[in-house]
Amino acid sequence: MRVLLVGAGGVGEAIVSIATKNDPDAQWLERMIVCDYNVKRAELVVAEFSDARLTAEEIDASKKSQIIALAKKYDVDFIMNACDPIFNMPIFGAALETGAKYMDMAMSMSFRDKEDPYGTIGVKLGDVQYAQHDLWVEKNNLALCGSGVEPGMVNVFARYALDHLFDEIHELNVRDADNMEVEGIDIAFGFSIWTTIEECLNPPIIWEKERGWYVTESFSEPEIFRFPEPVGDQEVINIEHEEVLMFPRYFEDKGLKRVTFKFGVDKDMRRVLKILEALGLTSTDMVKVKGVEVSPREVVAVCSPNPAKLGDRMKGQLSAGLWVKGRKNGMERSVYIYQLVDNEDCMKKYGSQAVVAQTAVGPVIMMELLSKGIWEGIGVLGPENFPAEPFMQRLPGYGFPSNMMEMDSEYKKAIDDKAFKQGF
């Protein structure tokens, strides 16, 4: 595979690290062109790994023509989008035009209803990309969208649950939280500042079989979810996320009744986000400051501590996973399939903090599977459209094993009783 990696930020750098370290003999990765609008950043990433397969280039991801030119220059067959989703459509369009396969970790952006943002759905995440599905099929090409950790890895978990753990799936509920602390910083973004603002302050979306998709207020429906130790009990709230838009497309005819996404945003961070919103500092509209046009959100991002550079000061673990409810052998069943990662381990293995490394490992595994022809497909698809087993089998080898907790249910009681009676 010859990859054009667009974006050499924290996740882009982690993709380079994970790919080169797990494929040192070039079994599937033939070449990777590392591109960024800041070419010095791309050059630093390439120099860091001293791998002959890596080349640095300058690119403006908002310019489709530049992406096409680089893709043709290096005859790439795969374009990996490691940029903020505001750049999705130029990169997505360039891949379609060149014939290269495409992958991103967050789908095309949503746009809230201007009149009634918390009561009426506007343009949903992924709508613009899904609308081009037939065109990608016509071109016999693949756009594998939403392929990070959430969405991405949890989509694979959902497919695995359907194929191996349940006879019917009724609910798919993504649950994510951590116990991270950043030394010397009271308020720190753990991931892309731009993306965090976008998904936390946009109207959260929920899907129900009888109602379809609907939006709620920001930070709605708080609940305490018991994550695996040492993360433990954490309060999670609704936020906007792609899985709620992706899962019904594949699982609706398989018994699905409800999809939610809840994330552990601590109360101090919620307060900060609401203050930024009230002051207009989360807006992406350009404003003039002393004759210079700037985006308020970009100013916040530039002035805040860079999440990708906080790894050495972060301590703790995070749990990303999927709470699945359904039926097995005629009984109600409930499981949490998850990945628990430790920040210090991620720093030692790949030189990236936990959120960044966990986001990057899924795309690298998926690139390997596509390169080897283990995953095949055409159109605009999500990871749930592919067999889960090859991905799940590779997670331990990459240093990110998955785990499962059996939650309280009829099924758990039955298997616990059976184990007790058998003397286990």
Scan region 183-204 and tell me whether some residue there is within 25 Å of residue 335 (Cα to Cα) and either surrounded by 16 or more Cβ atoms within 10 Å (Cβ to Cβ) or not aliphatic (A, V, I, L, M) (or both).
yes
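Does residue 219 count as free of Cβ contacts under 8 Å to residues at least 60 places away in the same chain, in a loop (DSSP other than H, G, I, E, B) and not charged (D, E, K, R)?
yes
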Does region 390-400 contain at least one residue that is in contact with a Leu (Cβ under 7 Å, 6 or more places away or on another chain) and under 21 Å from residue 160 (Cβ atoms)?
yes
Just a yes or no: is a residue in region 174-189 closer than 24 Å to residue 87 by Cβ, at pLDDT below 90, part of a loop (DSSP other than H, G, I, E, B) and touching a Pro at 6+ places or on another chain (Cβ under 9 Å)?
yes
For region 194-216, does any single residue satisfy the condition of being farther than 30 Å from residue 128 by Cα, modelled with pLDDT of 90 or more, out of contact with any Lys or Arg (no Cβ under 6 Å at 6 or more places or on another chain) and outside any strand (DSSP E or B)?
no
Within region 315-333, residues being open to solvent by 10 Å² or more (accessible area, probe 1.4 Å), closer than 12 Å to residue 407 by Cα and of a type outside the set (A, V, I, L, M, F, W, C) number 3
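Assess whether residue 373 counts as being out of contact with any His (no Cβ under 7 Å at 6 or more places or on another chain), free of Cβ contacts under 8 Å to residues at least 24 places away in the same chain and part of a loop (DSSP other than H, G, I, E, B). Spell out how you get there, then give the answer.
Numbers: out of contact with any His (no Cβ under 7 Å at 6 or more places or on another chain): yes; free of Cβ contacts under 8 Å to residues at least 24 places away in the same chain: yes; part of a loop (DSSP other than H, G, I, E, B): yes.
Against the criterion (out of contact with any His (no Cβ under 7 Å at 6 or more places or on another chain), free of Cβ contacts under 8 Å to residues at least 24 places away in the same chain and part of a loop (DSSP other than H, G, I, E, B)), residue 373 qualifies.
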Could you give every pair whose Cβ atoms fall below 8 Å, whose first residue belongs to region 295-308 and is within 12 Å of residue 353 (Cβ to Cβ), and whose second residue is modelled with pLDDT under 85 and in a helix (DSSP H, G or I), counting only separations of at least 6 or pairs across chains?
307/193
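The values are calculated or read from the model by the stated rules, or taken from the named source; none is laboratory data. Small disclaimer: the values here were computed from a predicted structure and weren't measured. Cβ atoms come from the backbone with ideal geometry, glycine included; neighbour counts cover every protein chain shown. These accessible areas exclude ligands, DNA and RNA; they are computed on the full protein's heavy atoms, side chains included. Shrake-Rupley method; radii C 1.70, N 1.55, O 1.52, S 1.80 Å.
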